[in-house]
Amino acid sequence: MGPLPYPHRATFLASTLVAPTELDAAASVAARLISVIVFDHLVRHPILTLGDHDDERLVDDNGRLLDARHPQVEDSIDWFFRISRRHEVLWFELSLDNRRPAPPALRSRRPDGTVDGWGSSPELALSQQLTQCLAQWLSSRRLPLVPPLLDFT
């Protein structure tokens with residue numbers, strides 16, 4: 001048997017959510033749910049390694065999501081690259097607001113600051129949209145694909 005492939009080290013920030021005001025309190029729950037689903041789906045990947053989900057903070061001390069819009073996100077991203085030695089930091093952008101619908105997108109930031117993105121088809125179920133984004137990302141990184149997520153909306 002040949003050597004194992006070099007692991008691709010990644011981590012996910014909390015999803016960046018567009019939510020109506022009445023759902024602000026539930027935003028951290030939705031972000032945590034997406035995080036758990038994605039972590040569980042990718043944790044058995046043969047090459048990809050993720051940070052331990054239990055060690056990742058999704059909210060700050062005030063209960064605000066530690067997402068890509070958080071004022072201290074640069075400190076978190078710097079820590080992921082320098083200390084945790086991640087190859088990229090990823091996050092989903094999702095709309096939970098029916099007045100501002102948008103299909104989910106996956107964003108990736110690399111240590112040099114470049115940001116890549118992958119979109120999804122609006123007519124698909126949420127699980128299929130997330131699967132579509134993940135498949136595009138894995139393909140662009142030449143990593144093996146994973147089976148689709150179980151259906152949910």
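The values are calculated or read from the model by the stated rules, or taken from the named source; none is laboratory data. From a predicted model like this one, the values you see are computed outputs, not experimental measurements. Here Cβ is always computed from backbone atoms with ideal geometry, including for glycine, and neighbour counts include all displayed protein chains.
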Output for region 63-78, where each listed residue is loosely packed, with under 12 Cβ neighbours inside 10 Å and either part of a loop (DSSP other than H, G, I, E, B) or modelled with pLDDT under 90 (or both)
G63, P71, Q72
Candidate set from region 10-37 (those that are crowded, with 16+ Cβ neighbours inside 10 Å, over 14 Å from L130 (Cβ atoms) and not hydroxyl-bearing (S, T, Y)); member that is modelled with the highest pLDDT:
A10
Do you know which residues across region 100-115 are touching a residue at least 24 places away in the same chain (Cβ under 8 Å), touching a strand residue (DSSP E or B) at 6+ places or on another chain (Cβ under 6 Å) and either more than 24 Å from D24 (Cβ to Cβ) or hydrophobic (A, V, I, L, M, F, W, C) (or both)?
A102, A105, L106, S108, R109
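Results for (1) over 26 Å from D55 (Cβ atoms); (2) among the aliphatic types (A, V, I, L, M); (3) touching a Phe, Trp or Tyr at 6+ places or on another chain (Cβ under 7 Å), shown as yes or no for each residue.
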{"site": "V89", "(1), (2), (3)": "no, yes, yes"}
{"site": "E93", "(1), (2), (3)": "no, no, no"}
{"site": "P101", "(1), (2), (3)": "yes, no, no"}
{"site": "Q129", "(1), (2), (3)": "yes, no, no"}
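Filter region 113-125 for residues that are outside any strand (DSSP E or B) and closer than 27 Å to D151 by Cα; which is farthest from the chain's Cα centre (by Cα)?
So the residue we want is E123.
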Pick from D60, D40: which is closer than 19 Å to Q129 by Cα, among the acidic types (D, E) and surrounded by fewer than 16 Cβ atoms within 10 Å (Cβ to Cβ)?
D40
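Is it the case that some residue within region 119-131 is surrounded by 20 or more Cβ atoms within 10 Å (Cβ to Cβ), closer than 16 Å to T153 by Cα and of a type in the set (G, A, S)? Outline the logic, then answer.
First pass over region 119-131, keeping only residues surrounded by 20 or more Cβ atoms within 10 Å (Cβ to Cβ): 120, 129-131.
Still in the running and closer than 16 Å to T153 by Cα: 120, 129-131.
Filter once more, keeping what is of a type in the set (G, A, S): 120.
Scanning region 119-131 turns up at least one residue that is surrounded by 20 or more Cβ atoms within 10 Å (Cβ to Cβ), closer than 16 Å to T153 by Cα and of a type in the set (G, A, S).
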Mind listing just one residue for me: the one in region 47-57 that is crowded, with 16+ Cβ neighbours inside 10 Å and closer than 12 Å to S35 by Cβ and, of those, modelled with the lowest pLDDT?
H53
All positions within region 47-97 that are under 18 Å from L23 (Cβ atoms) and in contact (Cβ under 8 Å) with a residue 60 or more places away in the chain:
F92, E93, L94, S95, L96, D97
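Starting from residues that are acidic (D, E) and assigned to a loop (DSSP other than H, G, I, E, B), keep the ones in region 42-62 and report whichever is farthest from W91 (Cα to Cα). Let's see the steps before the verdict.
Filtering region 42-62 down to residues acidic (D, E) leaves 52, 54-56, 60-61.
Then drop every residue that is not assigned to a loop (DSSP other than H, G, I, E, B), which leaves 52, 56, 60-61.
Details: D52: 16, E56: 13, D60: 16, D61: 20 Å.
In this case the residue turns out to be D61.
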Any residue at all in region 104-112 that is polar (S, T, N, Q), surrounded by fewer than 17 Cβ atoms within 10 Å (Cβ to Cβ) and not in a loop (DSSP other than H, G, I, E, B)?
no
The number of residues in region 79-99 that are closer than 19 Å to D24 by Cβ and assigned to a loop (DSSP other than H, G, I, E, B) is 4
